[in-house]
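Here is the structure we will look at.
The values are calculated or read from the model by the stated rules, or taken from the named source; none is laboratory data. Because the structure is a prediction, the values reported are computed rather than measured. Cβ coordinates were reconstructed from backbone atoms using ideal geometry, including for glycine residues, and neighbour counts include every protein chain displayed.
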Amino acid sequence: VRALCVLHDAVSSTGLIGDALSDRSWKVDEFLVVPADQHYSPNIEVSFPDGSNYDLLVVLGAPWAAYDDAGIGRWLIPELRWLSGAVAAGGAVLGICFGAQVLARALGGSVARSDDPEVGWVCIDSDVPALIPAGPWFQWHNDSFTPPPGAIELARNAAAVQAYRVGRSLGVQFHPEVTTAGIKRWLDNGEARRAHPHVVDRAELLAEAGRQAAAARGRADALVAGYLDRVFRL
């Protein structure tokens, strides 16, 4: 079985989700949308791979907005069409943060600036803890989504819808893949500036990531196991 992990920027990684799939003998390929040298001029032409060659598309986060057609539309709009086509063909998508937002938009939902952005480790209210554990999960987002028509909302908190299922696909607003090293890369590459209006305490974020590391790996593994057993196989 094969998974294609879509990395939108060169700073991010597949992290714990890639590990959980590899541990289950999945072959994990990666596709980078915006190379490092285009990070600050990201509105580039991109040809997405043939999704039918993969059993699962894992669409990860991004430092851009899933509604910014003016700033990244040259690849965002093709990605929306790509995801819509994959789902229409019966394919499976696991969308994470920006990935969940673009999946929602591709299927008829919406994405907007959030009145309550989140940065840090947050617990959520889950209707299906065996699929979506309550956390705490690492959050880093300024935007939120409205799930597409026909989707089943699975988890939420006071800030936003946190998870939904549509067919064989799952979208989560949080970052199950994140590691301490991944958070450090985001901080080192200026992502703290995108956390407005939050004041990001670098030392505390990294310290809490260290405290959460073992449990976070277990939660990410449980999420992948639950997704593969309860959603992917539908």
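Worth pointing out:
- A count restricted to region 48-82 and to residues that are part of a loop (DSSP other than H, G, I, E, B) and without any contact (Cβ under 8 Å) to a residue 24 or more places away in the chain stands at 2.
- Scan of region 83-112 for residues that are part of a strand (DSSP E or B) and surrounded by 19 or more Cβ atoms within 10 Å (Cβ to Cβ), ordered by number: Val93, Leu94, Gly95, Ile96, Val111
- Strands (runs of 3 or more DSSP E) enclosed by region 113-220 - at least 3 residues per element that are at positive phi: none
- Scanning region 176-198 for residues that are surrounded by fewer than 14 Cβ atoms within 10 Å (Cβ to Cβ) and at pLDDT 60 or above returns Ala181, Asp188, Gly190.
- Of everything in region 55-70 that is of a type in the set (A, V, I, L, M) and touching a strand residue (DSSP E or B) at 6+ places or on another chain (Cβ under 9 Å), the residue that is farthest from Val11 (Cα to Cα) is Leu56.
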